[in-house]
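The values are calculated or read from the model by the stated rules, or taken from the named source; none is laboratory data. On a predicted model such as this, the values are computed, not experimentally measured, just so you know. No Cβ is skipped: glycine too gets one built from the backbone with ideal geometry, and neighbour counts run over all protein chains shown.
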Amino acid sequence: MNMLKLAFRNTRRQPRRTLLTALAIGITVAAVTYMDAHIKGITTGIFKTFVKLEAGHVKVVPREAVDRSRPLPLDKGIKDITSLISVIRSSPGIINVSPRISFPVLLDKGSNSIPAFGIGLLPSQEADLMNLEEMIVTGRLLSDSSWDVMLGNKLADKLDLDVGDELFMVTTDSYGGLGPGLYNVCGIVSSGVSYIDKRTFYVSLYAAQEQLSMVNSAMEIVCSVENGLEGAIPVADSLSLLLQLADRDDVAPLPWQMQGSLYSALAPAKVMYFLIMLLLGIIALTTVVNTVLMSVMERTREIGALRALGFKRGTVISMIMSESLVIGFFATICGIIFGMTVALILHETGIDLSGALESTEFPMKPIVYPDPSILTAVKAAFFGLILSLAAAWYPARVAVRMEPAQALRSE
Amino acid sequence: MSLICFVVLTASKADAQTAEEWLAKVDGQMFYKSAEYTALMTVHSPGGANRFFRMNGKVVGDEFALMEYLEPPRQKGTRYLKRSDNLWIYFPKQDRTMHIQGHILRQGVQGGDMSFEDMTESSSLLEKYEVKKTAETDTTITLQLESSDMTVSYPFRELLIDKRNYLPIKMVNSGVNNLPIKELVILKTKRFKNRTFPIVTEIRSRLVENKWTRFEIEEIRFGMKFPDDTFTKKVLEK
């Protein structure tokens, strides 16, 4: 307790130096706090968008598609989906099951062709997956068995189509022949993801099956599961066993983390975050070491006197480190408060990155919302306190290396 | 004796023909002024499944052709209209017409081995290919065709011709690297007055194993005269 009192008293002896030390620690902690919330906001946002618009929590795909980077041809789709859906529904942890057919098509616009991507789905089964109703800009939701189409807003602009217009398209069916389809535009949607809104349209599964000659077939069956993002892997594991028991070796369940390379592609982002944190730590460490060392050097005679009075080396080390810890403690609290406040404000308002994301093909919404949590604050506190202690270590060692007699003689 | 002389003279006359003359004969044999037919197309997929399409067709030379599916119900009423190099498809359920162009030309009709490009092609090979004779037997002659014209579907072709009727018993169509893409084999012919006509033809993919498309002419009449509006775009309406 006496050591803490001494440390408090010492911090008041050179207020400007104490402030400089505190600022170095506080700004670093604030930056680390905000960055943690920002990175978490970006990755969680990307994962949620990916799951919602593409992957589902778990996706059942033809086994041939598991290690394939390109989409399977339509004739390799999942057959007899009615019985398969019954099996999937009986698996524990599954909430919703929705078959989908994705198909490429060239849409005519005058003498030009616009490459587009159709998704045939059951809107009624997609409430917690690709919730088209939530995405409607104008018009209404398509029904499960209509020849209606909902267009991505940017695709609709390119095609110069609006609600009530007709869209005729011809694509390659599952036999390799031509599959025509005449649709009524019932809605314009916006997912918020530029590349998806530029080329995607949505039709009922029934219409897609008819147009592509894929009766009772689908290219994938998308599932939502209990416990959301975290629940995908255990549910996929148990579903895999169930499918084996049901003799459906032709398909395999994939949790969202194992679909494509998105999840693994974001691992370097975490490494980058760690490196930036390390760099900030080193910069702050240099400043703090410098100020604490100056403080030690100015008190050489005082430290010599303390040693001459019988203070042990450990006690001197504790005194200097406590001083740094006291500054670090308050600076860390201030840094966390500042970082969390900024993160919380931006969590509400969001950061608009639409300009930067316009031409990227990444499932990321243009508004990024930092995602601060208690864990963010705990990590930042841990970082600030470790930084304070690490910065004081070298000056403390310098202090105890002084011989008391020599220290007392110094000017 | 006179019979022997006749055979020898005929044979030596045949031998004397150049590759171009042989090809001109083939072109002549494959060309007809007009015809109307009913045919069954079988599309065999590598998995072993067969799909059947019955159709009615009207043809006037190389210029005009109109074909309509009679079966199966899903395709019934779908029409193809060819006018010179242009091809349109009419989809009755949607009441919409599509001009076949670009990449779709390379696509197989009903996923089979005959492409839309094959459909629009003129039957005259001599106009587009340099030809040389590569082999000859008593009954057949082999011609090698090569074209530097970038618009042809197949830069290389090899024809095995039956000397008796000038029909290509087998034709191998190859791509730019002279790698075979598909082969056309005449399985059955029928004599109509003064000409022999292939009535069962099979197109076999050389890229995908066990994939073929067979055309069986069930009924054919030559020398038809069709109404003036038979090959107009009016037929691409309900």
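Taking the stretch B:121-136, which residues are at pLDDT below 85 and either touching a helix residue (DSSP H, G or I) at 6+ places or on another chain (Cβ under 7 Å) or within 13 Å of chain A (Cβ to nearest Cβ) (or both)?
Across the stretch B:121-136, the qualifying residues are B:SER123, B:SER124.
Regarding B:GLN75, is this residue within 26 Å of A:LEU107 (Cβ to Cβ), buried (at least 16 other Cβ atoms within 10 Å of the Cβ) and within 10 Å of chain A (Cβ to nearest Cβ)?
It is true that B:GLN75 is within 26 Å of A:LEU107 (Cβ to Cβ), buried (at least 16 other Cβ atoms within 10 Å of the Cβ) and within 10 Å of chain A (Cβ to nearest Cβ).
Out of all the residues in the stretch A:126-145, is one or more within 14 Å of chain B (Cβ to nearest Cβ) and in a loop (DSSP other than H, G, I, E, B)?
No, because not a single residue in the stretch A:126-145 is within 14 Å of chain B (Cβ to nearest Cβ) and in a loop (DSSP other than H, G, I, E, B).
Examine the stretch B:106-115 for a residue that is loosely packed, with under 15 Cβ neighbours inside 10 Å and outside any loop (DSSP other than H, G, I, E, B), and state whether such a residue exists.
Yes, the stretch B:106-115 contains a residue that is loosely packed, with under 15 Cβ neighbours inside 10 Å and outside any loop (DSSP other than H, G, I, E, B).
When residues of the stretch B:194-212 are filtered for being crowded, with 20+ Cβ neighbours inside 10 Å, β-branched (Val, Ile, Thr) and under 13 Å from B:SER45 (Cβ atoms), how many remain?
0
Please go through the stretch A:155-187 and give me each residue that is of a type in the set (S, T, N, Q) and either free of Cβ contacts under 8 Å to residues at least 12 places away in the same chain or facing another protein chain (nearest Cβ under 7 Å) (or both), ordered by number.
A:THR172 - this is the single residue of the stretch A:155-187 that is of a type in the set (S, T, N, Q) and either free of Cβ contacts under 8 Å to residues at least 12 places away in the same chain or facing another protein chain (nearest Cβ under 7 Å) (or both).
Those residues that are part of a helix (DSSP H, G or I), of a type in the set (A, V, I, L, M, F, W, C) and surrounded by 16 or more Cβ atoms within 10 Å (Cβ to Cβ), I need them from the stretch A:234-267; list them, please.
A:VAL235, A:ALA236, A:LEU239, A:LEU242, A:LEU243, A:TRP256, A:MET258, A:LEU262
Every residue in the stretch A:188-221 that is closer than 28 Å to A:ILE367 by Cβ and either within 14 Å of chain B (Cβ to nearest Cβ) or polar (S, T, N, Q) (or both), please. Show your work before the answer.
As a first pass, look at the stretch A:188-221 and keep what is closer than 28 Å to A:ILE367 by Cβ: A:188-202.
Once the filter is applied, which keeps residues that are closer than 28 Å to A:ILE367 by Cβ and either within 14 Å of chain B (Cβ to nearest Cβ) or polar (S, T, N, Q) (or both), the stretch A:188-221 yields A:SER190, A:SER191, A:SER194, A:THR200.
Take the residues in the stretch B:213-231 that are among the acidic types (Asp, Glu) and in a strand (DSSP E or B), then tell me which one is surrounded by the most Cβ atoms within 10 Å (Cβ to Cβ).
B:GLU216
For the stretch A:236-260, give me each residue that is without any contact (Cβ under 8 Å) to a residue 60 or more places away in the chain, within 26 Å of the chain's Cα centre (by Cα) and under 14 Å from A:ARG63 (Cα atoms).
Scanning the stretch A:236-260 gives a single hit, A:MET258.
Which numbered condition in (1) in a strand (DSSP E or B); (2) within 12 Å of chain A (Cβ to nearest Cβ); (3) in contact with a Pro (Cβ under 9 Å, 6 or more places away or on another chain) is the only one that B:LEU87 fails?
Single failed check for B:LEU87: (3).
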